[in-house]
Amino acid sequence: MRLYVDIEKHCDHYKHDGEKYGSWSSSYTNNLKTVKIIKNDNSNNGEPIDFDVDVGDTVYVIWAEYSSGDSFGHSDRGSTEILQVYKSLNKAKLAHDMLEKSRKYECKIFSEVGEEVKCFIPWIGYFESLDKLHLDVRFVEI
């Protein structure tokens, strides 16, 4: 089963000096909106989950906001990543803590049913930095 997790991204600021290799900057505000069931189980879209959910069920979404850039500029909160979805708050908190403490490019956490999951940590890099690792609750929608 898969869930569609919608993050709304709003550009608050963008500036580029117009040169090919010119300086630039941007900043964003991000908000976790909805979590919906994907009806087509053959779809590769959405977030895979290893538990059953119905419309109205509570789920816990771990997602990250991080900043990135290059030699010419920087984007504050310009990137987001859905890391894992849980039905159990305790399991979600444990995974959130493990991800928050990770200092490697890959972190092993456990899924809802206890399977090991390898998460790529995109905010560890020369130009990247974690702004916030969220643990948000949502009700599953249709």
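The values are calculated or read from the model by the stated rules, or taken from the named source; none is laboratory data. These numbers come from a predicted model, not from an experiment. Positions of Cβ are generated from backbone atoms using ideal geometry, with glycine treated the same way; all protein chains shown enter the neighbour counts.
Is it the case that S111 is surrounded by fewer than 19 Cβ atoms within 10 Å (Cβ to Cβ), within 24 Å of K39 (Cβ to Cβ), under 16 Å from the mean Cα position of the chain (by Cα) and in contact (Cβ under 8 Å) with a residue 40 or more places away in the chain?
For S111, the condition - surrounded by fewer than 19 Cβ atoms within 10 Å (Cβ to Cβ), within 24 Å of K39 (Cβ to Cβ), under 16 Å from the mean Cα position of the chain (by Cα) and in contact (Cβ under 8 Å) with a residue 40 or more places away in the chain - is met.
Looking at region 24-34, can you tell me whether even one residue there is at pLDDT below 95, surrounded by fewer than 14 Cβ atoms within 10 Å (Cβ to Cβ) and under 17 Å from the mean Cα position of the chain (by Cα)?
no
Tallying residues that are out of contact with any Asp or Glu (no Cβ under 7 Å at 6 or more places or on another chain) and among the basic types (K, R) within region 17-72 yields 2.
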